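What follows draws every value from the coordinates through simple rules; no lab data is involved. Keep in mind that this is a model prediction, so the values were computed, not measured. Methodologically, a virtual Cβ is constructed for each residue, glycine included, from the backbone with ideal geometry; neighbour enumeration extends over all protein chains shown.
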Amino acid sequence: MKVSFFNKKLLKLYGSVIAVLSTIISFIQIFYELPDDCKIKLNVAIAFLICMLVLYIIVFIYSNKKKSVSLRVNDTVIKVFTGDILKQPGLKVIPFNEYFDTIVDDKLISSNTLNGQFILNHVDDVKALDTKIKQDKRLQRLQIAIDQKRSTGKEMKYPLGTIYKNNDYLLLAFSSFDSENRAYLTKDDIIKCLLNMWNEIDVVYNGYSINIPLLGAGITRFAGITLSKQELLEILIMSFKLSGIKLEYNANINIIIYKDSADDISFFKLKDFL
């Protein structure tokens, strides 16, 4: 279970429910008194205790089945819920590697990833996209290296967290690639990447809501550290808090969790960790 039976927050929530019920029962007793018969009082007490136990079980099940949560961070609403990011209105963050590669061959980019699905199904002309990325003046200023040793893919490398806006999509340089074209991040890279990403989003979002996947939950490897999907989600939210950025014009942030990952996330616990 994602939430233990005696979870402190769960007990606190249950206590709040009991407080409300106790107030209601006290109000009813003003107008109705139980008979003096001890047997009746005992039966009522037993029934009350059973109802309280059933209620606690209901709250327990609810906390484990919860599939969405809404938080307020830096005066910005962050909604976390299950869904398909490619079907959401607003701007959508799509993680790429540090080269903004676009070759979906199940070697450089897997067709099963969000990156691969975006390129295959939402890019009409891949060569045109490559040209726009290469000729973008802002990205040209941000280039940090040219790797001429790469046998497949592009040579120009960009800082992690860099964003290229392509219509409703925010292409994000999220992961480094090793010599075997395996995506990875070090523990230092994670925070730097996310903080840079939020700064980039602050520049380009233009009042629109932002949809972000659970970054790192796919095939990205983390050097020297093991992170659960719950921890990845908490790091993503905490990085926004640390950025100090707040979205204006009623724009909010949606963190989209794919159905396959939902069982690994405790939405109930997210209210606590901040």
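Here are the numbers:
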quantity: Inter-label distance, nm, simple model (7 Å from Cα along the C-beta direction), Ile103/Cys51; calculated: 6.9 nm
quantity: Amide hydrogen neighbours beyond the local backbone of Leu170, cut-off 5 Å, H modeled; calculated: Lys92, Val93, Ile94
quantity: J(HN,Hα) series, the range 104-120, from Karplus relation 6.51 cos²θ - 1.76 cosθ + 1.60, nearest Hz, glycine and proline x; calculated: 9, 10, 6, 10, 6, 10, 7, 5, 8, 7, 4, 4, x, 5, 4, 5, 5
quantity: Derived scalar couplings ³J(HN,Hα) [the range 135-146; Karplus, 6.51 cos²θ - 1.76 cosθ + 1.60; whole Hz; x for Gly, Pro]; calculated: 8, 5, 4, 5, 5, 4, 6, 8, 3, 10, 6, 10
quantity: Above-threshold pairs, the threshold being 22 Å between Cα atoms, out of Lys65/Lys271; Lys87/Lys271; Lys92/Lys187; Lys12/Lys67; Lys149/Lys187; Lys67/Lys107; calculated: Lys87/Lys271; Lys92/Lys187; Lys149/Lys187; Lys67/Lys107
quantity: Cα gyration tensor shape of the range 68-273, rounded if a/c is under 1.5, else prolate or oblate by comparing a/b with b/c; calculated: prolate
quantity: Rounded FRET efficiency, nearest 0.05, which uses the C-beta distance separating Asp263 from Gln140 and R0 of 51 Å; calculated: 0.75
quantity: Long-range HN-HN contacts of Ser176 with modeled amide H, under 5 Å; calculated: Tyr184
quantity: Per-residue Cβ neighbour rank within 10 angstrom, fewest leading, Phe267, Phe81; calculated: Phe81, Phe267
quantity: Pairwise label distance in nanometres, Arg150 with Lys67, each label 7 Å out on the Cα-Cβ vector; calculated: 3.8 nm
